[in-house]
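The values are calculated or read from the model by the stated rules, or taken from the named source; none is laboratory data. Everything quoted here is computed from the prediction, not taken from an experiment. Neighbour counts are summed over all protein chains in view; Cβ atoms, including those assigned to glycine, are modelled from backbone coordinates with ideal geometry. Side chains included, ligands, DNA and RNA excluded: accessible areas come from the protein's heavy atoms. Shrake-Rupley method; radii C 1.70, N 1.55, O 1.52, S 1.80 Å.
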Amino acid sequence: ILTEMENIYKVDKSSVLRPNVLTYTSFIGGLARSRDQEKAIKAEEILKRMEKYEVKPDVVAYTCVINCWAKATSRRERQVAAIRSVRLLDEMEYLYTSQNLYNVKPSVITYNAVISAIGNSHDANAPELAEGILERMHHVSETGVIANMKPTTTTYNAVLHALSRAPRPQRATCAKRAEEI
């Protein structure tokens, strides 16, 4: 259906059947709930497709894509989930702070999804990355760069999860760090 809507838009840019941000976000949300092995890669492709059809992604669209990375099940996707989700967060922060695009202002839910993607990834640096995102939340909140960005219980639980999945040589250090948090 989405492809049909895009094809109609190619022919008639004023059509009421033109896909919008809700159309694409609904599709990405469906991918997140699917058992598709390449859901996160497909979700990022949809994000790029949006721009091709002159639809600006918003915080919900970006967060849905990050959520796909957090729910990745294939080894291939889990190996890059941390990097890809952090890159999307970087992009959102840049668009919001430098380009004044308020519709992409990251939310606490966005940061939590990034930490979850990191924790579920196969990245050896996941514990440090997760704590880095937590520190980043504190920084943007305290400096006022992004208002109302205080970590929640969900945020801390996601960081603790990432610490609990540390590789064997780091487990003792991460366990102590989890207690401190």
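Among the candidates Val140, Val145, Val86, Val104, the residue that is of a type outside the set (S, T, N, Q), open to solvent by 50 Å² or more (accessible area, probe 1.4 Å) and either more than 16 Å from the chain's Cα centre (by Cα) or under 27 Å from Asp36 (Cβ atoms) (or both) is uniquely Val145. Residues in region 3-18 that are surrounded by 12 or more Cβ atoms within 10 Å (Cβ to Cβ) and acidic (Asp, Glu): Glu6 alone.
Among the criteria (1) open to solvent by 10 Å² or more (accessible area, probe 1.4 Å); (2) farther than 19 Å from Arg84 by Cβ; (3) modelled with pLDDT under 95, the one Thr23 does not fulfil is (3). Exactly one residue among Val140, Val114 is under 19 Å from Val60 (Cβ atoms) and touching a residue at least 24 places away in the same chain (Cβ under 8 Å), and that residue is Val114. Determine, yes or no, whether Glu77 is open to solvent by less than 50 Å² (accessible area, probe 1.4 Å), acidic (Asp, Glu) and under 15 Å from the mean Cα position of the chain (by Cα). Yes: the conditions hold for Glu77. Applying the criterion of at least 1 residues that are among the basic types (Lys, Arg) and out of contact with any Phe, Trp or Tyr (no Cβ under 6 Å at 6 or more places or on another chain) to the helices (runs of 4 or more DSSP H) found wholly in region 62-181 leaves 75-97, 126-143, 171-180. Residues that are within 18 Å of the chain's Cα centre (by Cα) and open to solvent by 10 Å² or more (accessible area, probe 1.4 Å) do not occur anywhere in region 170-178.
In region 1-13, the residues that are closer than 17 Å to Ile46 by Cα and acidic (Asp, Glu) form Cβ pairs under 9 Å with partners that are open to solvent by less than 100 Å² (accessible area, probe 1.4 Å) and part of a helix (DSSP H, G or I), at six or more places apart or across chains, as follows: Glu6/Arg49. From Thr63, Thr97, which residue is crowded, with 21+ Cβ neighbours inside 10 Å and under 24 Å from Glu135 (Cβ atoms)? Within the list Thr63, Thr97, the selection yields Thr63.
When Lys39, Lys150, Lys56 are screened for being under 30 Å from Glu6 (Cα atoms) and open to solvent by 30 Å² or more (accessible area, probe 1.4 Å), only Lys56 passes.
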